[in-house]
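Asks: Input: one structure, supplied below.
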């Protein structure tokens, strides 16, 4: 289904608990499943373990959206790596802008997040 609104299409593309973090972590190069999982746990105080089913679903959705690529080496034990595609690399500056905005406006402990009513 095509979306006529780019904002709606973008929202559908990034909808998910871990998608932005996965893309952000892959900017430094290919990662295996366990490295991605460990990266998601880094800096997440008090967070629970990520359910393998949830992470697998997020990775599959990112592959289908064309943001990441999955390379299966076809060996035993299984070796699979995920890496950003060209489309995924073009998305990193968008995430950086979101990160910068959050650093400026979402101060820790702020109840209203510094957003004024219009």
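Asks: Collect the residues in segment 44-72 that are more than 25 Å from residue 10 (Cβ to Cβ) and at pLDDT below 95, keeping them in residue-number order.
Replies: Filtering segment 44-72 for residues more than 25 Å from residue 10 (Cβ to Cβ) gives 45-49, 51-53, 71-72.
45, 46, 47, 48, 49, 51, 52, 53 - these are the residues of segment 44-72 that are more than 25 Å from residue 10 (Cβ to Cβ) and at pLDDT below 95.
Asks: Just wondering, is there one or more residues in segment 12-27 that are assigned to a helix (DSSP H, G or I), without any contact (Cβ under 8 Å) to a residue 60 or more places away in the chain, over 10 Å from the mean Cα position of the chain (by Cα) and over 19 Å from residue 90 (Cβ atoms)?
Replies: There is no residue in segment 12-27 that is assigned to a helix (DSSP H, G or I), without any contact (Cβ under 8 Å) to a residue 60 or more places away in the chain, over 10 Å from the mean Cα position of the chain (by Cα) and over 19 Å from residue 90 (Cβ atoms).
Asks: Also, quick follow-up: Which number in (1) more than 13 Å from the chain's Cα centre (by Cα); (2) in a strand (DSSP E or B) marks the one condition that residue 82 misses?
Replies: Against the list (1) more than 13 Å from the chain's Cα centre (by Cα); (2) in a strand (DSSP E or B), residue 82 comes up short only on (1).
Asks: Here is a further query. How many residues are surrounded by 12 or more Cβ atoms within 10 Å (Cβ to Cβ) and without any contact (Cβ under 8 Å) to a residue 40 or more places away in the chain when one looks only at segment 69-86?
Replies: Selection size over segment 69-86: 3.
The values are calculated or read from the model by the stated rules, or taken from the named source; none is laboratory data. Note that the structure is predicted; figures quoted are calculated from it, not measured. Positions of Cβ are backbone-derived with ideal geometry, glycine not excepted, and every protein chain shown enters the neighbour counts.
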